[in-house]
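Okay, handing you the structure first.
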Amino acid sequence: MTQEERTADVVAPETAPDGTPLGAREKALWHALAKVEEGGPAKYRERLSDDGKLFVRDRLKLYFQDGPAFEDGAFANWANVDKGLAADGMVTGAGYMGERRVFFIANDYTVKAGSMAERGVEKFIRVQERALRAKKPVLYLIDSSGARITDQAGFFANLRGIGKYFYNHSVLSGKVPQISVLYGPCVAGAAYTPIFCDFSIMVRGMSALCIASPRMVEMVTGERIDMAELGGPDLHMQESGSVDLIADDEEEAALLVWKLLSYLPDNSETLPPMYAPVAPKRSPAEIDTIVPDDPNKPFAMHDVIDCLVDADSWFPLKGGYAPELITGFARIEGRVVGIVANDSKHKAGAIFPESAEKAAEFITECDSYNISLVYLCDTPGFMVGSEVEKRAVLRRGKQFIYATSVANVPKLCVVIRKAYGAGIYAMCGPAFEPDATLAIPGAEIAVMGAEAAINAVYRRHIDAIADPEERERFIEEKREEYRKDIDIHVTANDLIVDLIVPPSTLRDEIAKRFHFYAEKDFPLPERKHGTVI
């Protein structure tokens, strides 16, 4: 939209909707509002088009099709509106996304590059506080260069300064959903908002996220680096895990928010919306052919997911980060579920420090917002070695196990193929109070796989067998003995698993059990909080 087209949208009316002429004072007010809605200086408004960006008020229409229901603080910094400080660079209020009521905070990049100053910060804080009282989600549309340094005395360390909205992020966390979308470089203090949010989206070609700008990095460390390398979307999706989704443009970002919201409740006291059931994309009977007999042969767990969830309901999160562990939302018979699954196509499905942390965060989000959890287990366990020790595999693995332990929503463990070592603990095995532990034919639960176990127990004996054929016969004999010991029917006999489920009925089994556990009440021991973070 050109500046001329956009300005036409903010012309002050001359009459009321019923045709009654407006009085002089009301006309003056409408003219003032029109001035505010124009945003910052014309040269900065025109620059948005050159950068492929929407003006903030046009951006809001992607989320609130009829415009915001109301706006607060439009006249913030009115004394300086003629100096290009309309609304102090921040548009705040609430609106309807479909039938959902959502509060929003949106930077106006035409006003001092979307920088934050005293009145804008106060507006930000008030929306957070009102969203908490109203128990409604908050949407942060971030396009800010950070703090307005020339005005820092009014908002930096004050009681109701930038620190307060970090505090409010923490108070809102797990109470109402917080979703952020990044439309530009998000640097320094501004960079913490998407990190605090439950879910963050970055727009490719526009956004970046970093604690300091490339210029500051060079001043402090001597490192020369551009913004994309320092904090671009690909870095945060593939390496830091700080972003959940990447959009190719503004329209896709809005569609992702709309879809994400469809899986979430308004707050932690309500349930996610139910939808009409939809048949899965693939028949559940295909699971039996998708999963190989060989426990070491990789297969795509995404194919199994397609057999279990309602068609077109799968919504992966952090898909490019630690892909050996899959996390995302879906629906099964119309019910929202969170899926935690190992993917043997990546690193054999072993649990690495990064995937443990990824899982812990997702499980905590599901537990906060009353989303039932399905664990699809096929893992050799936690990765070992000096590299993962340096990356804190034990500490971050503890976070995964802790999150699984304290999650109080309905949860099911489904052993798809193998559950070795502490992998069965992290993936909600029997000791972790799942509402059921299920398995399909061919599944195995064991301390370790057959090859590793034979090597651990019989290594010296094997080395002492001189004849290669005799050695191989001995190994095969022990392999068969071990497999019989860990056969899933033995495990079911010992009530370690509740049921061996025919793959063709697994989707129905999951759906029925979640229906029965929907009103689950399983109080944990009373305490202030755990100490695992």
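Take every Cα pair under 8 Å in the chain that's 6+ residues apart, average their separations, divide by the length, and report that relative contact order as a whole percent.
Here the relative contact order equals 8 percent.
Turning to a different aspect of this structure: How large is the Rg to Rh ratio of region 53-261 when both quantities use alpha carbon positions and Rh follows Kirkwood?
A ratio of 0.94.
Here's a follow-up. Which value, in debye to the nearest 20, describes the size of the charge dipole of the chain about its Cα centre when Lys and Arg Cβ atoms bear +1, Asp and Glu Cβ atoms bear -1, and nothing else is charged?
With only Lys, Arg, Asp and Glu charged at Cβ, the dipole is about 1720 debye.
Compute the acute angle (0 to 90°) between the alpha-carbon long axis of helix 393-406 and the principal axis of greatest extent of the alpha-carbon atoms of the chain; round to the nearest 10°.
80 degrees
So, one more: For the chain, what is the calculated [θ] at 222 nm in deg cm²/dmol (nearest 500), taking -39500 (n - 2.57) for each run of four or more DSSP H residues and dividing by its residue count?
Here the helix-only value at 222 nm equals -10500 deg cm²/dmol.
Using only Cα atoms, locate the centre of region 234-288 and the centre of region 425-468, then give the distance between them in Å, rounded to an integer.
Using only Cα atoms, the two centres lie 34 Å from each other.
If you line up the long axis of helix 353-368 against the longest principal axis of the chain, both from Cα atoms, how many degrees apart are they, to the nearest 10?
Orientation of helix 353-368: about 70 degrees from the principal axis.
Using r as the Cβ-Cβ distance of residue 30 and residue 130, and R0 as 25 Å, what FRET efficiency do you calculate, to the nearest 0.05?
It comes to 0.50.
For the pairs 35/61; 35/112; 136/318, note any where the Cα-Cα span goes beyond 21 Å.
136/318
So for the chain, taking the charge dipole from beta-carbon charges (+1 Lys/Arg, -1 Asp/Glu), which of 23, 403, 196 sits furthest toward the positive end?
My answer, from the dipole projection, is 23.
Right, another one. Taking the DSSP beta bridges in the chain as the whole, what percent of them are antiparallel, to the nearest 5?
Close to 40 percent.
For region 350-367 and region 33-54, what is the separation of their Cα centres, given in Å?
41 Å
Across region 170-181, in residue order, what do the Karplus-derived ³J(HN,Hα) couplings come to in whole Hz, using 6.51 cos²θ - 1.76 cosθ + 1.60 with θ = phi - 60° and x for Gly and Pro?
Values, residue by residue: 5, 5, 6, 4, x, 9, 10, x, 10, 10, 10, 10 Hz.
What do you get for the angle between helix 24-37 and the principal long axis of the chain? Use alpha-carbon atoms, 0 to 90 degrees, nearest ten.
40 degrees
Distance between the C-alpha centers of region 296-338 and region 164-204? Whole Å please.
First find each Cα centre; the distance between them is then 25 Å.
Here's another thing I want to ask about it. I need the phi-derived Karplus couplings for region 238-254: 6.51 cos²θ - 1.76 cosθ + 1.60, θ = phi - 60°, integer Hz, Gly and Pro marked x.
9, 10, 8, x, 8, 10, 8, 9, 10, 10, 7, 7, 5, 5, 5, 4, 5
Read phi for every residue in region 120-127 and hand back ³J(HN,Hα) as whole Hz from Karplus 6.51 cos²θ - 1.76 cosθ + 1.60, θ = phi - 60°, with x for Gly and Pro.
x, 5, 4, 4, 4, 4, 5, 4
What GluC sites (Glu not before Pro) in region 202-271 are in a loop by DSSP, with at most 15 other Cβ atoms within 10 Å of the Cβ?
Qualifying residues, ordered by number: 223, 269.
Throughout, read-outs are computed from the coordinates displayed, never taken from laboratory work. Everything quoted here is computed from the prediction, not taken from an experiment. A quick note on method: Cβ atoms are made from the backbone with ideal geometry, for glycine too, and the neighbour counts reach across all protein chains shown.
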